[in-house]
Amino acid sequence: MLDAACGTGWHTIALAQAGYQAAGADISAAMIGRARQNAGAQGAAVEFHEASFDALPHVAGVGFDALLCLGNSLVHVLTEDDLKRSLAGMAACLRPGGLLVLHNLNYDRRMVHKPRWFQVNSGSWTGRRRSSGASPTTAMPA
């Protein structure tokens, strides 16, 4: 499992401690340094790589079962062309049938409505529909 935009590495470390084979990547050398320190302090055997989203397959490798991009990191990709390159880089890291998890919050809605929960939204990519498992009665749409 690859944690893209891992920051200080705590999600990656938790995944490794839960028994997953996990690696982390981030564009920031400072964050990768901190992630390595945190992993060392926790005794977690995790590899961390400095890489942008589009460089992930060249730096972190390919064949991952899953790739996580958590913490609203993808919104920092500012142009449509960069977004396409970023998503292509993420997809190239995955084995066929691998899972891509993107975490993006609508902070404007959160500030106005102050919901306790956000619904997982669905969408499609490469013509394949992905649907949400959340019920609209139990979660507020983001």
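The values are calculated or read from the model by the stated rules, or taken from the named source; none is laboratory data. Every value quoted in this text rests on a predicted model; they were computed, and no experiment measured them. Note: ideal-geometry Cβ built from the backbone for every residue, glycine included; neighbour counts use all protein chains shown. Heads up: the accessible areas ignore ligands, DNA and RNA and are worked out on the full protein's heavy atoms, side chains in. Shrake-Rupley method; radii C 1.70, N 1.55, O 1.52, S 1.80 Å.
Okay, here's what the table says:
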| read-out | value |
| --- | --- |
| Amide H within-cut-off set for Ala66, under 5 Å, with H built and near neighbours excluded | Leu2, Leu99 |
| Net lengthening on full extension, Arg116/Val101 (0.36 nm per residue, minus Cα-Cα) | 3.3 nm |
| Residue-normalised accessible area of the range 52-109, given per residue in Å² at a 1.4 Å probe | 57 |
| With all protein chains modelled, accessible area of Leu70 [1.4 Å, Å²] | 40 |
| Heavy atoms of Asp82: accessible area, 1.4 Å probe, square angstrom to 10 | 60 |
| Average silhouette area of the range 9-127, convex hull of alpha-carbon atoms, in square nanometres | 8.8 |
| Ala91-Gln21 FRET efficiency (beta carbon distance; Förster radius 22 Å; 0.05 resolution) | 0.65 |
| Accessible-area order (highest first, 1.4 angstrom probe) of the listed residues Arg34, Arg110 | Arg34, Arg110 |
| Val59 - accessible surface, heavy atoms, 1.4 Å probe, Å² rounded to 10 | 70 |
| Whole-Hz couplings from phi, Karplus 6.51/-1.76/1.60, listed for the range 40-52; x for Gly and Pro | x, 5, 8, x, 8, 8, 10, 8, 10, 10, 8, 6, 6 |
| Signed unit charges on C-beta, dipole axis of the range 3-92, positive-most listed residue Ala5, Val77, Ala88 | Ala5 |
| Virtual spin-label span in nm between His76 and Ala14, 7 Å along Cα→Cβ | 1.9 |
| Most to least accessible of Asp81, Asp26, Asp54 (protein chains only, probe 1.4 Å) | Asp81, Asp54, Asp26 |
